[in-house]
1. May I ask you to sort TYR89, TYR77, TYR67 by Cβ crowding, counting other Cβ atoms within 10 Å and putting the fewest first?
2. With θ taken as phi - 60° and the coefficients 6.51, -1.76 and 1.60, list the Karplus ³J(HN,Hα) couplings across the range 48-53 in order, rounded to whole Hz; mark glycine and proline as x.
3. Determine the shape class of the range 31-115: with a ≥ b ≥ c the square roots of the Cα gyration tensor eigenvalues, call it rounded for a/c under 1.5, and otherwise prolate if a/b is greater than b/c, oblate otherwise.
4. Under the rule of at least 5 residues apart or a separate chain, name every residue whose amide H is placed under 5 Å from the amide H of VAL30.
5. Provide the gained length on full extension for the span SER34 to ALA97, in nm with one decimal, where the gain is 0.36 nm per separating residue minus the Cα-Cα distance.
Amino acid sequence: MIATAGRAIGAWLAAALLLAACQTAGGHRVVAVSPEDLEGTPPANVRALLGEPELRRTEPPAEVWQYRTDRCVADIYLRQEGAAQRVVYIETRSPNAATVPAAGCLQDIATVRASGDTGGRS
């Protein structure tokens with residue numbers, strides 16, 4: 001019984017620490033973002049999690065939204081599927097074109113946008 005209570009308290013404490021880690025230094029709340037959160041979703045969900053893209057371009061049959069920080073670049077491909085436009089592909093890279101994990105890049109973009117920072121870019 002004590003071991004179970006200890007595990008419950010430990011789990012609660014871990015959850016509290018994780019939630020606290022979702023705050024930026026300026027007190028802005030940052031939501032965890034992963035590729036799975038975006039794939040198959042409409043543009044409104046992308047905007048809600050990452051804000052407005054820095055660049056939009058059309059590459060038929062897709063529209064590409066680009067987000068950048070000083071650490072990574074994310075290209076989010078949206079395509080018309082039925083009556084709605086949806087995210088169909090996400091590509092991430094470093095500013096010098098090296099491969100970077102999508103989850104880390106998307107989280108970096110969300111954190112930078114929530115803080116109002118430019119990610120080291122002017």
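Bear in mind that the values in this text are calculations on the coordinates, not laboratory data. None of these values were measured; they are calculated from a predicted model. Because the Cβ atoms are built from the backbone with ideal geometry, glycine has one as well, and the counts that use them run over all protein chains shown.
1. TYR89, TYR77, TYR67
2. 5, 8, 10, x, 6, x
3. Here the range 31-115 falls in the prolate category.
4. Answer set, sorted by chain and number: GLN23, THR24.
5. Between SER34 and ALA97, full extension yields 20.6 nm more.
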